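Q: Mind having a look at this structure? Questions to follow.
The values are calculated or read from the model by the stated rules, or taken from the named source; none is laboratory data. All of these numbers come straight from a predicted model, not from anything done at the bench. As a convention, Cβ positions derive from the backbone with ideal geometry for all residues, glycine included, and neighbour counts pool all protein chains shown.
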Amino acid sequence: MSIRAFALAALSSSVLVAAVSAAPWTYTDGSGQTVTLDAVPQRIIASQDAAAGLIPLGIRPVGIYADGPIAEAKALQGLDLTGIEIIGQAWGEVDIEKAAALDPDLVLAEWWDRNTVWSGGENVVSLLSQLAPITGISAGDSILVMIEDYEKLAASLGADLAQPAIAEQKAAFETALTDFKAAVAAKPGLKVLAVYAGDDALYVGDPAGAAELLDMQSWGLDIVVPEGVDAAGNNYFENVSWENADKYPADLVLVDNRSPSTLKTALAQPTWTLIPGAKAGQVAEWPAFWLRNYIHYAAALTDLTAAITAANPDLTP
């Protein structure tokens, strides 16, 4: 190839790359709305959950807002946050000046259909929407579907999903899932209760509102479905007084692990041991509402598999 022909080919290639990078970006989000930008967004602010779904896929936001102290955000544990500005560390709060300084193209959150709200709540949305459009996946009925949705979103943002590291993460998850299913199958009759322990009451989790519990149900785990979910309140739990902690007997109790204080609160209640599983010490962690990638899901299933394998399934009728 002549020098002139090579130069023309290089120029044509450069023009093509520039044209592709400048192509409009369109995304239909979990709320059903479509966002269109002039080009693929590069400077992204993300909620903690959206960041947890995207960082392992190679998409790094310039800023993150969390539901609480960043050091306690289960969704972000073990992920490299180097160089990412933390613009919020409390539900409903965000430092709008820090956010504006990041000059974002897009804000990625999650649409919570049961609450009809984006991650962070209405106050955060009203502030951040002044800087850039807000969009994202739906916090749906399956963590696996959510992970797949994040893969599609990441690919649209330029992620290379063929990276070996991503394949390794998925393979590790599939191994953990196979082991989990085998453990469940080996314990027919095992009844499981998912709870959050508050000072005022025991909150019994409704699987219909927790994607990870719905996944586990679909894999054969018998999880208690509470009868009196507070539809007018939090919409995810039935509030049971501590005096009636034994309303739903279970062989294995899963405790919301978003805060270590939750289990401490449970253990401090005299009626905690009215639950057969709690009395027998058959208690494990419930990865409540925060799983967003194969890395964390595999680890959670491995821990649950060990608890199921060790549990006596005959504590309740």
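Q: So, in region 51-68, of the ones that are closer than 13 Å to Ile86 by Cα and small (Gly, Ala, Ser), which residue ends up nearest to the chain's Cα centre (by Cα)?
A: Filtering region 51-68 for residues that are closer than 13 Å to Ile86 by Cα and small (Gly, Ala, Ser), the one nearest to the chain's Cα centre (by Cα) comes out as Ala51.
Q: In region 100-117, which residue that is surrounded by 17 or more Cβ atoms within 10 Å (Cβ to Cβ) and not in a strand (DSSP E or B) is nearest to the chain's Cα centre (by Cα)?
A: The qualifying residue nearest to the chain's Cα centre (by Cα) is Glu110.
Q: If we keep just the residues of region 77-94 that are assigned to a strand (DSSP E or B) and aliphatic (A, V, I, L, M), which is surrounded by the fewest Cβ atoms within 10 Å (Cβ to Cβ)?
A: Filtering region 77-94 for residues that are assigned to a strand (DSSP E or B) and aliphatic (A, V, I, L, M), the one surrounded by the fewest Cβ atoms within 10 Å (Cβ to Cβ) comes out as Ala90.
Q: Test Trp286 against the stated conditions and say whether it is assigned by TED's automatic domain parsing to the domain that holds Val195, surrounded by 18 or more Cβ atoms within 10 Å (Cβ to Cβ) and closer than 19 Å to Leu221 by Cα.
A: When the stated conditions are applied, Trp286 passes them.
Q: Could you tell me whether any residue of region 253-267 is acidic (Asp, Glu), crowded, with 22+ Cβ neighbours inside 10 Å and closer than 20 Å to Asp222 by Cβ?
A: The answer is yes; a qualifying residue exists.
Let's see how each residue does on (1) closer than 20 Å to Gly140 by Cα; (2) not in a helix (DSSP H, G or I):
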residue	(1), (2)
Ile45	no, yes
Arg60	no, yes
Ala75	yes, no
Glu97	no, no
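Q: Okay, next question. Which residue pairs have Cβ atoms under 6 Å apart, sit 6 or more places apart or on different chains, and have a first residue in region 217-231 that is in the same structural domain as Leu190 (by TED's automatic domain parsing) and under 12 Å from Gly189 (Cα atoms) and a second that is acidic (Asp, Glu) and in a loop (DSSP other than H, G, I, E, B)?
A: none
Q: Hey, another quick one. Quick check on this structure: which one of Ala171, Ala154, Ala167, Ala176 is assigned to a helix (DSSP H, G or I), touching a helix residue (DSSP H, G or I) at 6+ places or on another chain (Cβ under 8 Å) and under 20 Å from Ala299 (Cα atoms)?
A: Ala176
Q: Condition check: assigned to a helix (DSSP H, G or I) and not hydrophobic (A, V, I, L, M, F, W, C). Does Asn123 satisfy that?
A: Considered against the rule, which asks whether it is assigned to a helix (DSSP H, G or I) and not hydrophobic (A, V, I, L, M, F, W, C), Asn123 comes out as yes.
Q: Taking the options Leu263, Leu291, Leu214, name whichever one is among the hydrophobic types (A, V, I, L, M, F, W, C), assigned to a helix (DSSP H, G or I) and closer than 21 Å to Trp111 by Cα.
A: Every option except Leu214 fails the conditions.
Q: To continue, here is another question. With the structure loaded, tell me whether Thr302 is touching a Lys or Arg at 6+ places or on another chain (Cβ under 8 Å), among the β-branched types (Val, Ile, Thr), outside the structural domain of Ile70 (by TED's automatic domain parsing) and modelled with pLDDT of 95 or more or whether it fails that test.
A: Taking the combined requirement at face value, the residue does not satisfy it.
Okay, residues lined up against (1) within 25 Å of Tyr294 (Cβ to Cβ); (2) buried (at least 20 other Cβ atoms within 10 Å of the Cβ); (3) in the same structural domain as Ile45 (by TED's automatic domain parsing):
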position: Ser119; (1), (2), (3): yes, yes, yes
position: Ile134; (1), (2), (3): no, yes, yes
position: Ser142; (1), (2), (3): yes, no, yes
position: Lys152; (1), (2), (3): yes, no, yes
position: Asp179; (1), (2), (3): yes, no, no
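Q: Before we move on, is Met146 in the same structural domain as Pro56 (by TED's automatic domain parsing), assigned to a helix (DSSP H, G or I) and at pLDDT 95 or above?
A: yes
Q: Determine, yes or no, whether Asp160 is out of contact with any strand residue (DSSP E or B) (no Cβ under 8 Å at 6 or more places or on another chain), surrounded by fewer than 14 Cβ atoms within 10 Å (Cβ to Cβ) and not in a helix (DSSP H, G or I).
A: Yes.
Q: Only one of Asp251, Asp199, Asp206, Asp256 is within 28 Å of Asn293 (Cα to Cα), in contact with a Ser or Thr (Cβ under 8 Å, 6 or more places away or on another chain), among the acidic types (Asp, Glu) and assigned by TED's automatic domain parsing to the domain that holds Glu285; which?
A: Checking each option against the conditions leaves just Asp256.
Q: Condition check: surrounded by fewer than 22 Cβ atoms within 10 Å (Cβ to Cβ), free of Cβ contacts under 8 Å to residues at least 60 places away in the same chain and farther than 24 Å from Arg43 by Cβ. Does Glu97 satisfy that?
A: It is false that Glu97 is surrounded by fewer than 22 Cβ atoms within 10 Å (Cβ to Cβ), free of Cβ contacts under 8 Å to residues at least 60 places away in the same chain and farther than 24 Å from Arg43 by Cβ.
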